[in-house]
Every structure is written in C-alpha cells, then in structure tokens.
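The values are calculated or read from the model by the stated rules, or taken from the named source; none is laboratory data. If you're wondering where the values come from, they're calculated on a predicted model, not measured in any experiment. All Cβ positions, glycine included, derive from the backbone under ideal geometry; neighbour counts span all protein chains shown. Keep in mind that these areas ignore ligands, DNA and RNA; they rest on the heavy atoms of the full protein, side chains included. Shrake-Rupley method; radii C 1.70, N 1.55, O 1.52, S 1.80 Å.
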Amino acid sequence: MSKILVCYKWVLDEQDIRVNAADASLDSSRAKYKISDYDKNAIEEAVLLQEGQGATVDAVTFGGDAVKQSLKDLLSRGPDKVFYIADPSADKADGYVTAGVIAAAARKTGPYDLIICGEGSADSYNQQVAPRLAANLGLPSITYVQSLKLEGGRVVATRKLGDCTEVVTVEGPAVVSVVPEINKPRIPSLKQVLAAAKKPAEEIKIADLGLSPKQLTAKTVSLTVKGFVMNRKNILFKEPAQADNVAKLVAALAKEGVC
Amino acid sequence: MSYTLTEEQQLIQQTAREFAQEYVVPSVAECDKTGVHPGEVVNKMAEYDFLGLYLPGEYGGAEAGYLSYILTVEELAKVSGAVAAILVNHASAAAYAVSRWGSDAQKKSWLTAMAKGDALGGVAGLEPGAAPGAGADRVVAVREGDTYNLTGMKTYVANGGAADVYIVFAVTNPEAGAKGLSAFIVDAKAAGLKVNRLIGKMGLRGCQWAELVFDNVKVPAAGLLGGEGAGAAMLAEIQAVTGVAEGAIVVGIAQAAMEDAAKYGKQRIQFGRPITSFPAIQTMLADMAANIHLTRLAVYHAADLVDKGEKFAVEAAMIRLFAGRIGASALIDVIQIEGGYGYSEEMAASRFYRDVQGAILKNSSADFPEKTIVAEVLA
Amino acid sequence: MNMADKSLTQEQQRLQLLAREFTAKHIIPVAAEYDKSGEFPLFIVEEATKAGLICNAVPVEYGGAGYDSVSQAAIVEEWAYGCAGFATTLGGNGLSCYPLLIAGTDEQKKLYFSRIVAGGLGGFALTEPGAGSDAGAVATTAKLEGDEWVLNGTKCFATSCGYASIMIIFASTNPSLGVKGLSAFIVEKERPGLVVGAVEHKLGIRSSNTVELLLKNVRIPKTYLLGKEGEGMKIAMKTLDMARPMVASQGVGIARRALDEAIKFAKSQLDVNGKPLAANQSVAFKLADMAIQTEAAKQLVRNCLRLKDAGLPYTKEAAMAKTFATDTGMRVAAEAMEIMGAYGYSQDSVVEKLVRDAKIQQIYEGTNQIQRLVISGILLKD
C-alpha cells in the first residue's frame, strides 16, 4: 500500500483582514485561521487516492504556535495522522526555510511514495515550497497539477499550463503541487469531525530536525506589508449620444494602455 | 459551564456553516416560495450526521452533545430558518422522545432509523381549537387486545406530510384529564392516517405544517411510548428541550439579519453620510446585538444543562418567554434600518422577518412559560 | 361592531359607519386573496367611487367630498381594519391631492381633481434610490425648454403609480441648490417618456402597487409647476404633515383588528385545563394593555386633526401621532400573534398578515426616526 504525505499551511483567513484606510496597513486582529485553500485540494486529492486504491495518508505542517489549532480540522478531512512543527521561527520563514523543515521532517517520518502540496498558499502565494521540497529530497517535481494518478510506482499527472495541458509521467516518489481544478474538497461529516479527536497527532521539535542556523534563516526578508488599494479614475462620460461615450471610453482605455 | 466553546465544538460550528453555504443556500428561495419540504437538503443532512447529531452512538447517532447540536441549528438558521426547524422538530422533538422514553426495542427500530436519517420524525401534539387533550377533535386511543385504535385529528404538526414517523399524543383515559394523555410511535404509512391538508403560514416555509386525520389507526401496544397517562409530562419536557433549540433558531436568524443590516447601513448614504453613523441607527444595532448575545448565552447554558443531565425546564421556559420577542424586535429594527428596501422581497430581511416570528411560539405550548418560571421563583 | 364612535360628530359617525360597512362588504372578504396574489384591486377604486369614498380630500367646489380631516382619518382607519394594502391604495389618492391643496392654482386643481373625481387614481413620487429619508438628494431634474419642463430621472417605491391617472412628481430645477432646488410638478400618465418600471414585491401591503417610475425627456407645460421653483421641499413637507395622521390611522386600524382577533381567540380557545385562555389573567391583562395603546393612538390622531381643522399648527402632533400609532399597530399585531401561537402564525388567521402589513407604516411617509427628528427639532428649537 502506498504512503502519501500531504503538506498544508495554517493561514489567516484573508476575508477577515481589513486594510486601514489611513496608511494601508493590515489589521488582522479579527481574522481567524484556516487551512490554506489550495492545500485543501491537496488534502482532498490524497484522501481520494486513499479511498480509491488504498493508501495511508500522513499530513505535515510547519507554523507558529497557532498550528496546534489546525490538527482536528485537518484530521477531520481524512488523513490518518498529522505531524506538526510548531515554532515561533515560522513567522519569519520563507519558502526556502519551510521546504527545508518539511524535507527534514519527511525524512524522519517517511519514506513516501508521493508528496502532495497546494500550488501556493492563500497568504503569500509564492509557489516555492513544492519545487524546493522536491529539490531538497532529490525527487522529481510536478507543478500545476489538475489531475493525478498513481500507476504502480509511477505518478501520472496532467499539468494545467497557460493555454494547453501537459501529461507528465515520472517514476515515484515525486512531489506534486495541485491547482484548485483538481477536485472539490469535501465538507467533513460530523462523525468525521468527532473521529478526528481519536486520530494521532505528533509534534516534531524543530531542534530534532538537525538543521543548521543557516538553513533556518530566511533568504527573503519582508520589509513591510501593505493592503492593496484600488484607485478609481472617476471619469464620467456624459455625451448625449451613446456612440460618443463608447468612443471616448475606448480612447481613454487606450491612453491607459489597456487596449 | 464553560463560556467558551471547545475546539471540537468550534469545528462542528465551522462544518455546519460550510454545509449551510454549500447545500442549504441553493434551496432557500424555492423552499420559501413553494413551502414544500426540501427532501434533498434533509437527505444531505442525514449524510452529514446532522439528524442524529446528539443522539446516542449505540443507536447510530454521532453523540456529539446537545450544545454541539445547538451550534449546528444556529448555523443552519442563519441561512434557512425552515431547514433548522425541520431538524429541530425531528431531533429535539420526535427523536428526543424515543431516546428518552423508548424501550430498547423501540430504540433499536425507530431511534436507529431516526439517528441515521432513514426516518424523519414529527410530533403531533396540538389539536384544532384546543390545547393538547382538551378539545372536541382530540385524538382518542382505545385499547383492544394488543392494539390501540387512534381516532381524531391533530393540527400544526411540524414536518407533517414529510415525516416517516410521528409521536402522537392521544387520550387513553378521557376521565383523567391531563393524566389521561399517552404517547404513541406511529408509522406515517399506517392505514387510516391521512394528511388532511398542509397549512399555509407566514414563514419557515418548507418546514411543513399539516393537519393529520386518524381514522381508526391501529397501533400495536408495543408502540406505546413511556406508559399510559405519562403523555402530559412527556409533552412538557419535549417542549422544553425543543424550546432550547428553537431559541437557537431565533439567535441564528437574528444574527444573520443584523449582519445584513450592518452591511446595508454602512453602504446606505443619506444626508451625505452612511446611516450607521447616526446614533438612532447605532442604538438599534447595539440593542439587538446585546439581546442576541444574551439569548445565545441562555440557549448555550440550557443546552449545557441538557448535556450534563441536569434540570433545564425553568431555563427553557425563560427562553420560550423572551426569545421570540427578542427575535421579532430585532427584525422589526432590521427592516427599519433597511427601510423600503428591507420591506421588499428582494432583501433577505423580509424572509428573516417572517421566519423569526414563528421560530419559537410562546403560547403554542401546553402551558404558559411564566407558570414554570414563577413556580421556581416562589418555591 | 356597528357602534359608531360617540365622541365624533353626527356626520363623522355616519361616515365612520359607511366606511365600516364598505370595508366589511368589499375589503375583508377578499383581502387574503389579494395579499396572496399581490394583484392590484382596481375594483375597489370603482366601488369606493360608487360609495362616495374616493375623493375625500377633494374640496366640494371641485366635485369632491371635502370631508374634514377627522372624518378622512376615521375612514382610513376602517379601511386599514380590513386591509392595510387596500387602505394604502385608497388613501394614496388623498396623499396625492394634498400638494394641490397646498400650492395648486385654480387651473391646476381643476386639471388634477377632475381626474380624481372621475374615478382616476392619483400618485405621489418623491423617493429615489439615493433619496429616501434624505429628500434633498433627489437626482431627477426638470429643465425649462421654451414653454415646457423636461423631466429626467428615476423614482422608486412610488405608490399606485403603475395605475395612476395623474401624479405629483418631484424634481430638481436647480441641482446646485440641493434641497432649495427641489420643485413639484403635475404629470399625467399619458405623457410620452413616462414609463412604469419594475414592480416591487413586498413583505406586506402586497396588493398595493409599488413601482419604479422612469422619466426620460418627459415634457409637460410650463404651467404644471406647483407653486414656485424651489418650493418642492416645502410642499413635500406640508404634504407629509397632512398625510401622517392618515398613516397613523392605518396603524390604529391594524391595532384594532389585531385586538379583536386576539379577543376572539382568547375567548374561544381552551387552555390545558379546559378553561378559555381569556380566563387567565396574564392574557386578559395583555388584552387590556393592547386596548389602552390602541385607544391612546386613536386619540392622538384625532387630537392632531382637530388642531389641523381649527387651522392651528399641528406638525409636531402629527409626527407624534404617526410614530405612536404605527408603533402601536406593530406592537399590538405582534402581541396578538404571541397570544395566538401557531394559529396566529398560520394563514388560517389574519394576524400573520397584520404583522407583515404593520411594518410598513413605521417606514413610509417619513420613517419613525425622521418623525422623532421632527419632534425633537421642535422641542429643542427655543
């Protein structure tokens, strides 16, 4: 039976983040956490494989202390076991650090036949972790996956590219990152929610992963985070003839370089 | 009780919220328009274990506790009071009765079916023109050997015409007054049991109300629930435990309506500023937020008492006494804030207004809630 | 039921009974049906015309009934006892006549009232999507071109305007002046460019016709301006002063009906011990409270109208009557439903309709928040 690892991030719900009008700074004081959206697709895909052909599914997450709140939510969605690395250093981690931490954890808890990630996280959407994780573990990486099959030891994936799709076959193990088109994550039933309490959750200490300080130091540094503010042009076309309005609109768009 | 929800309860709440958005929202408009029982939504609720949410695991329930169930009811009510009411009439009324007073055999057959969602339940307590057991159209049960013959009429039976099984309160001893009332588990398919008509109502459309006619319906003696003459006390307890859940429906509807009103008010510009900047509007919102919060606490507290197996009749009566008024007054203010738009059917407020008025009916119960409360005060 | 109100004059009592009979015969039997379908009861306008109850506000010299205000209010109260939707339709005629009484020239009155006397409906269009409580935000414009005004804009929540023969429409003749640029115009329904838009489906008063009015280059003679340019707000405010006691009367009518229904129920329904509900003091006292409020509301209305008919200031009293009586209609209807439980909530009873209908009077003709603004403004003026 194959063994699958699914990675997820516990992020602040962007819907609850407010932008302060004065300085465009972000106010997340009312925001709750959630499992990052594309990671829900990754979890669902792992569970579909588990149901379809039999597999054990482990999940792993790296985050601040808050990740402990994610465990039951995660387990209610189907995985058999969850490993978590809860460390304050996660707040400053970038894709380089996160991929290093998860790779080290996967070496401890694996080996795996397949590792599934979401294409990018709901907060930063850097799309770094999956390919870096593959590189760290010396495995093939397949990104933008919109459908996925395990055929014996081989991973067959369809990638969603700009205007076409590409079918890729690699010898497993491999790391794939999935796009939302791959499936529709289920809402867990209440019995699954309740059963989550009985499934194992195991903490891995970051100190036990054997990573050097350099490996735990982010290569990208976030200077400031500001909200995106859309400025309206407030141009009204009020010609009596509609055709003149259309002509003016087209001219205005052209001036802005839109068309 | 603990005044914060456990992680598990929060997760159940979140699940119910997602469920409501995914599976209930699409049915709401149609359901309100036609008043027809939304069978598909109920089947989905069964699939997600809502119908047996707090019922014992031994009989196929999820055994998540009454408070978790209440949280689910509240989340459903935010989207559809009707769907929440269907669940409550099944779970808090009918299934509660079997779970509380059923014999092992009754539980094995009916409770299991109800917990798994194979059978939807309803309670037939009221009669046309009368409080239970007191009117000319009362349902009378006459024992003949191993069967009871039920004859008469019941009205305002929630889930009527949609339920697979009814808990029917019938008079077994006409001379004994309230002590002559008994409860029976009656298969909706039983010969002689007819849905006379569905009753139109202001809101909660989709949670059907029906008039049921019993024309010599034969119920095996094994269908007697509790004992002969225990009916009145059972009915009172069912109404108490149901009232707690109905309070949650009020809280859910009022909360959703308040959030809508706040959203509308922030965007509605009059006299050059959002109307929410006027103290007159702010006062209304503050009042309703406080009232909703207090009602919610009372509901959670009563649910916690149910979970702990403690007495909850007085707390439930208090909810029945004031929750309806709080819901109605919140919605009166919500429409006031939304003005002509709120009064139009385009906005959800007009449906919330109609739904909330029926979410918890004060005097449809066997007795006045004041009586239960004052008995405790004077004890 | 057939006892007239002895505190009224003989003539007022006669009209009260006439309206009561009219309501019993033509409104009560069909109110539920029209509530359900939302259809406009055009027939009731015909019946009211036959019964001499249609142009109550139109002066005798223009062929109207010219009833005093107390009588007009008593009639509206009876209509609302039967159905607030019907009362809105029939009463809307009165509302639309008030601007003429306030500012109309003889020619304008002749033009307008002749249509009403002939059985046509009048309309009153002030509210706009962006101008509700804030009437000064009206965006509809009127421009003088030669001998004609040209009107452009969109009105909403316009009562009866889908069926009105003639109407008063408010538009700005000088948008830069805000409230002071508002003016009132007479517009006949057949004017090209006047289009009835979407029909609102409502929580209550469902048979009354509430529509959007679209004005696209609607041309009317220069002489159709009511009063002077810029007097629109003044005319609108005076109109609403006159209309408020009528809306208040709807609240009284609803409250009276709810009380009657609750009494009927409490006397016939048995409690768990087989006694009528009314035998329970908590129910009986609740009925008494409902009656106290209903009576108080009615007298507030009558008081302000007696001031008005005596030519005394009554703005504050009208706002008080409107607020109290419509809040009373809402409260008494809700209390009737509480007493009546499942029956009251079902469509077997009229009470659920009363609870839906009673909400609108708190909103239209100036929300009760605006009334409090008017009242407190007068209180704090000195």
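Any chance the range B:211-218 includes a residue that's within 14 Å of chain C (Cβ to nearest Cβ) and in a loop (DSSP other than H, G, I, E, B)? No, the range B:211-218 contains no residue that is within 14 Å of chain C (Cβ to nearest Cβ) and in a loop (DSSP other than H, G, I, E, B). Is one or more of the residues making up the range C:290-298 open to solvent by 10 Å² or more (accessible area, probe 1.4 Å), touching a residue at least 12 places away in the same chain (Cβ under 8 Å) and within 22 Å of C:A57 (Cβ to Cβ)? Checking the range C:290-298: at least one residue is open to solvent by 10 Å² or more (accessible area, probe 1.4 Å), touching a residue at least 12 places away in the same chain (Cβ under 8 Å) and within 22 Å of C:A57 (Cβ to Cβ).
Here's the yes/no breakdown for (1) farther than 24 Å from B:G340 by Cα; (2) part of a loop (DSSP other than H, G, I, E, B); (3) open to solvent by 30 Å² or more (accessible area, probe 1.4 Å):
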{"site": "C:A321", "(1), (2), (3)": "no, no, no"}
{"site": "C:F324", "(1), (2), (3)": "no, no, yes"}
{"site": "C:R331", "(1), (2), (3)": "no, no, yes"}
{"site": "C:M340", "(1), (2), (3)": "yes, no, no"}
{"site": "C:G344", "(1), (2), (3)": "yes, no, no"}
{"site": "C:E352", "(1), (2), (3)": "no, no, no"}
{"site": "C:E365", "(1), (2), (3)": "no, yes, yes"}
{"site": "C:R372", "(1), (2), (3)": "no, no, yes"}
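Considering the range B:257-376, the qualifying helices (runs of 4 or more DSSP H), each wholly inside and each with 1 or more residues that are buried (at least 17 other Cβ atoms within 10 Å of the Cβ), free of Cβ contacts under 8 Å to residues at least 60 places away in the same chain and more than 11 Å from chain C (Cβ to nearest Cβ), run over B:279-308, B:313-343.
Out of C:I235, C:I292, one residue alone is in a helix (DSSP H, G or I), closer than 30 Å to C:K189 by Cα and either touching a strand residue (DSSP E or B) at 6+ places or on another chain (Cβ under 8 Å) or modelled with pLDDT of 95 or more (or both). It is C:I235. Every listed requirement among (1) without any contact (Cβ under 8 Å) to a residue 12 or more places away in the chain; (2) open to solvent by less than 10 Å² (accessible area, probe 1.4 Å) is met by C:A80 save one, (1). Within the range B:227-242, if we keep just the residues that are assigned to a loop (DSSP other than H, G, I, E, B) and either among the polar types (S, T, N, Q) or open to solvent by less than 40 Å² (accessible area, probe 1.4 Å) (or both), the residue that is farthest from B:G125 (Cα to Cα) turns out to be B:G227. Note on the range C:254-282: residues that are assigned to a helix (DSSP H, G or I), of a type in the set (A, V, I, L, M) and without any contact (Cβ under 8 Å) to a residue 12 or more places away in the chain amount to 1. No other residue among C:R191, C:R206 is open to solvent by 40 Å² or more (accessible area, probe 1.4 Å) and either under 29 Å from B:F271 (Cβ atoms) or away from chain B (no Cβ under 14 Å) (or both) apart from C:R191.
Out of the range B:24-81, which residues are touching a Lys or Arg at 6+ places or on another chain (Cβ under 6 Å) and either assigned to a helix (DSSP H, G or I) or on the phi > 0 side of the Ramachandran plot (or both)? Selection gives B:D32, B:G35, B:D49, B:Y59, B:G60, B:E75. A:G227 meets the conditions (1) open to solvent by 70 Å² or more (accessible area, probe 1.4 Å); (2) in contact with a strand residue (DSSP E or B) (Cβ under 9 Å, 6 or more places away or on another chain) in every case but one. The failed one is (1). When restricted to residues that are within 27 Å of A:I17 (Cα to Cα) and of a type outside the set (D, E, K, R), the range A:96-147 contains 16.
When the criteria are applied in full, B:G129 fails the requirement of being out of contact with any Ser or Thr (no Cβ under 8 Å at 6 or more places or on another chain), at positive phi and at pLDDT below 95. When the residues of the range C:309-354 are filtered to those that are within 20 Å of the chain's Cα centre (by Cα) and farther than 18 Å from C:V252 by Cα, the one that is farthest from the other protein chains (Cβ to nearest Cβ) is C:D309.
Could you go through the range B:95-111 and let me know if any residue there is under 22 Å from B:L204 (Cα atoms) and more than 10 Å from chain A (Cβ to nearest Cβ). Yes, some residue in the range B:95-111 is under 22 Å from B:L204 (Cα atoms) and more than 10 Å from chain A (Cβ to nearest Cβ). Does the range A:231-253 contain at least one residue that is within 30 Å of A:A24 (Cβ to Cβ), among the charged types (D, E, K, R), part of a loop (DSSP other than H, G, I, E, B) and open to solvent by 60 Å² or more (accessible area, probe 1.4 Å)? Within the range A:231-253 (the criterion being within 30 Å of A:A24 (Cβ to Cβ), among the charged types (D, E, K, R), part of a loop (DSSP other than H, G, I, E, B) and open to solvent by 60 Å² or more (accessible area, probe 1.4 Å)), the answer is yes, since at least one residue qualifies. So for the range A:181-193 (the condition being in a strand (DSSP E or B), more than 14 Å from chain B (Cβ to nearest Cβ) and not aromatic (F, W, Y)), does at least one residue qualify? No, every residue in the range A:181-193 fails to be in a strand (DSSP E or B), more than 14 Å from chain B (Cβ to nearest Cβ) and not aromatic (F, W, Y).
Would you check which residues across the range C:218-227 are outside any helix (DSSP H, G or I) and surrounded by 13 or more Cβ atoms within 10 Å (Cβ to Cβ) and list them?
C:V218, C:R219, C:I220, C:L225, C:L226, C:G227
Being open to solvent by less than 10 Å² (accessible area, probe 1.4 Å) and more than 14 Å from chain B (Cβ to nearest Cβ) is the filter here, so list the residues in the range C:150-160 that pass it. Of everything in the range C:150-160, those that are open to solvent by less than 10 Å² (accessible area, probe 1.4 Å) and more than 14 Å from chain B (Cβ to nearest Cβ) turn out to be C:V150, C:L151, C:S160.
Here is a check on your reading of the model: is B:V98 under 28 Å from B:R351 (Cβ atoms), open to solvent by less than 10 Å² (accessible area, probe 1.4 Å) and either part of a helix (DSSP H, G or I) or modelled with pLDDT under 95 (or both)?
So B:V98 does not fit the description; no.
Taking B:G117, is it within 14 Å of chain A (Cβ to nearest Cβ) and modelled with pLDDT under 95? Considered against the rule, which asks whether it is within 14 Å of chain A (Cβ to nearest Cβ) and modelled with pLDDT under 95, B:G117 comes out as yes.
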